[in-house]
1. If His140 meets every condition in (1) part of a helix (DSSP H, G or I); (2) farther than 20 Å from Ala255 by Cβ; (3) in contact (Cβ under 8 Å) with a residue 60 or more places away in the chain apart from one, which number is that one?
2. Could you list, ordered by first residue, the pairs with Cβ atoms under 6 Å in which the first is in the stretch 155-184 and within 18 Å of Met294 (Cβ to Cβ) and the second is acidic (Asp, Glu) and modelled with pLDDT of 95 or more, at least 6 apart or interchain?
3. Does the stretch 269-296 hold any residues that are closer than 19 Å to Asp215 by Cβ and either of a type in the set (Val, Ile, Thr) or in contact with a helix residue (DSSP H, G or I) (Cβ under 6 Å, 6 or more places away or on another chain) (or both), and which are they?
4. Please enumerate the residues belonging to the stretch 297-306 that are modelled with pLDDT under 95 and either exposed (fewer than 15 other Cβ atoms within 10 Å of the Cβ) or over 13 Å from Met265 (Cβ atoms) (or both).
5. When the residues of the stretch 267-283 are narrowed to those that are over 15 Å from the mean Cα position of the chain (by Cα), farther than 17 Å from Asp220 by Cβ and of a type outside the set (Ser, Thr, Tyr), which ends up surrounded by the most Cβ atoms within 10 Å (Cβ to Cβ)?
6. List the number of the failed condition for Met115; all other conditions in (1) assigned to a helix (DSSP H, G or I); (2) more than 23 Å from Arg224 (Cα to Cα); (3) touching a residue at least 60 places away in the same chain (Cβ under 8 Å) hold.
7. All but one of (1) at pLDDT below 80; (2) surrounded by 20 or more Cβ atoms within 10 Å (Cβ to Cβ); (3) more than 18 Å from the chain's Cα centre (by Cα); (4) among the aliphatic types (A, V, I, L, M) hold for Val194; state the number of the condition that does not hold.
8. Could you list all residues from the stretch 73-106 that are in a loop (DSSP other than H, G, I, E, B) and among the polar types (S, T, N, Q)?
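The values are calculated or read from the model by the stated rules, or taken from the named source; none is laboratory data. Just so we're clear, the structure is a prediction, and the values are computed from it rather than from any experiment. Glycine also receives a Cβ, built like all others from the backbone with ideal geometry; neighbour counts cover every protein chain displayed.
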Amino acid sequence: MNTVNHHMCAVGLALITVLVCEPAWTANDNISRKNGKQLLANATYRHPTAIIPATPMVKVPFRPWLPKKEKPRLVLLCIHALGFSSKGYDNFGRRMAAAGIPTYALDVRGFGEWMKQPEEAHMDFEACLTDVEDALKTLHKAYPNLPIFVVGESMGGAIAIQAASRYPDQVNGLVSAVPSATERVGGVMKSGMVVAFKTAESPTGTVDMSPVVVDGATSDPALRRKIENEPLNRMELSRKELAQFEKFMKQTHDAAPLVERTPTMMLIAYKDKLVTVAGSVDLFSEMTTPEKLMVGDGNSGHLMLEEAQMTPEIEWILKGWLREKAGQVKVRQGVASK
């Protein structure tokens with residue numbers, strides 16, 4: 001078992017690092033921006049969202065942010081938090097694209113553009129995982145020989161972990177921020193949510209999560225209004241969907257040990273008012289991959305990546321880690337092809 005080292009750095013970030021002794025990749029790649037255009041050319045595109053063909057009968061709404069000049073070394077596929085949509089990654093995607101990293105974010109079933117289709121306007125995690133698999137295959141085809149990293153936050157972080165456990169050959173790297181609302185207490189799974197949504201009474205059979213989610217996401221009045229007024233956000237769940245959500249989040253602890261070889265970064269926020277830190281730490285401990293890094297930010301709240309909440313310190317650490325791990329993936333691919 002790897003030795004876990006604890007460090008404190010001047011910017012107020014607590015780092016828990018699993019050391020990896022592998023050379024960084026420095027070879028030049030021949031991937032051009034044409035691949036991003038190819039992906040969009042093979043899709044049905046409309047501003048400001050695009051559609052990836054997932055199956056013959058299903059289309060997956062997503063948003064792209066593409067570099068203008070740089071030749072990419074890796075690609076990101078992002079998955080949003082509960083109640084939000086792919087639009088929440090707009091600032092994140094722009095910052096990644098500015099660094100030469102093509103970035104895509106999809107809408108989870110029941111959220112975002114899915115709400116415009118009544119027959120699809122409900123939460124479905126199994127279908128979402130299939131959407132992620134199809135998106136990964138599409139991106140690998142569009143960017144041959146480039147590693148694809150899955151990025152997720154909160155609910156999206158849990159989806160990303162489960163996707164990495166199911167599709168290890170498609171997920172070359174994993175970034176999961178505040179992914180767990182449950183923790184292990186005496187061997188029993190216990191909810192880490194600050195407020196139990198299911199205790200709310202509603203004559204319509206739905207639960208309005210906006211007071212909890214928005215309060216937990218930010219204390220900034222302007223951002224709170226933005227989140228509440230965004231039409232692509234959905235803060236009401238049926239009791240059936242809520243039960244499905246809680247079950248899915250718990251299942252992430254079963255999936256975590258199956259993340260056996262995927263390079264993983266876990267982000268946790270010490271000012272998180274929505275979920276406890278312990279659940280995410282449990283998930284990190286349960287992962288069996290030898291290449292994992294935990295970064296705890298003492299200044300971040302529940303949203304660490306979406307809605308323009310990524311701090312410069314997290315951005316710097318994340319970009320450096322992505323480039324390092326992308327290089328290592330390319331080295332392994334080169335060795336395997338010989």
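1. Result: His140 fails condition (3) only.
2. Ala177/Glu153
3. Lys273, Leu274, Val275, Thr276, Val277
4. If the condition is that a residue be modelled with pLDDT under 95 and either exposed (fewer than 15 other Cβ atoms within 10 Å of the Cβ) or over 13 Å from Met265 (Cβ atoms) (or both), then Gly298, Asn299, Ser300, Gly301, His302, Leu303 are the ones that fit.
5. Gly279
6. Only one criterion is unmet by Met115, namely (2).
7. (2) is the only condition that Val194 fails.
8. Hit for the stretch 73-106 is Ser85, nothing else.
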